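Reviewing the structure listed below.
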Amino acid sequence: MQRTLRTNSRITPEIHAEAAAEIHAYFCGNLSTFRQELLDDATNAKFLKSVEDAETLFELGDDPDEEELKDLGQFRDFSSKWVRTALIPTVIDHLNEVFCRKGFEGFRRRGRSDWIYFGEKPDTLFWTVRAKESAAPTNRFPRYPDALRDLLPEIFPEQN
């Protein structure tokens with residue numbers, strides 16, 4: 001059954017859980033597609049010479065030189081912007097398609113936040129796009145979105 005949310009819809013814990021589950025399912029179900037699109041866009045933007053070039057960037061040894069670290073930092077920054085300008089809007093479009101009546105876009109993002117909101121008030125509800133369970137963000141505007149750690153885990157050190 002599809003719920004139809006409107007601006008005056010009361011957000012209950014059940015609706016919040018349904019939307020969070022939909023984000024999780026959509027993101028996880030399309031993780032390899034999103035990853036490929038990110039690498040293709042990095043190649044098209046001439047950041048990478050080819051998708052295979054990414055493999056070299058991902059396989060930095062224990063003692064990378066300054067140039068390799070600079071390239072990795074630039075790639076992380078490009079990827080972070082891509083998550084915010086391409087991935088999150090795609091997820092928001094999906095949520096609007098699933099939960100909202102035609103012509104109403106209740107799900108959106110505010111400002112630089114990686115959070116997805118429904119409705120007019122920022123505190124109605126929010127989610128971050130991430131495949132794995134994660135604690136509440138400590139920084140509202142982190143440099144790298146959580147979703148990026150799932151799309152490209154090889155460019156981030158293991159977290160304990």
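The values are calculated or read from the model by the stated rules, or taken from the named source; none is laboratory data. Remember, it's a predicted structure, so these values are computed and weren't measured experimentally. All Cβ positions, even for glycine, are placed from backbone atoms using ideal geometry, and neighbour counts span all protein chains on display. Side chains are part of the model used for accessible areas, which takes the heavy atoms of the whole protein and leaves out ligands, DNA and RNA. Shrake-Rupley method; radii C 1.70, N 1.55, O 1.52, S 1.80 Å.
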Roll a 1.4 Å probe over the protein heavy atoms and report the accessible area of Glu59 in Å², nearest 10.
140 Å²
Quick note, the stretch 2-55: a/c under 1.5 would make it rounded; otherwise a/b > b/c is prolate and the rest oblate (a ≥ b ≥ c, C-alpha gyration tensor); here it is prolate
Spin-label point model (7 Å from Cα, Cβ direction): what's the Asn30 to Leu69 distance in nm?
3.7 nm
Please say if the stretch 49-107 is rounded, prolate or oblate, where rounded means a/c under 1.5 for a ≥ b ≥ c the square roots of the C-alpha gyration tensor eigenvalues, and otherwise the choice is prolate for a/b larger than b/c and oblate otherwise?
prolate
Between Arg149 and Lys46, what's the calculated FRET efficiency when r is the beta-carbon distance and R0 is 25 Å? Round to 0.05.
0.50
Each label point is 7 Å from the Cα along the Cα-to-Cβ direction; what then is the distance between the points at Arg3 and Ala86, in nm?
3.1 nm
The distance between the Cα centres of the stretch 70-103 and the stretch 1-34, in whole Å, is 16 Å
Net charge (Lys, Arg +1; Asp, Glu -1) of residues whose beta-carbon lies under 12 Å from that of Phe47, Phe47 excluded, is -1
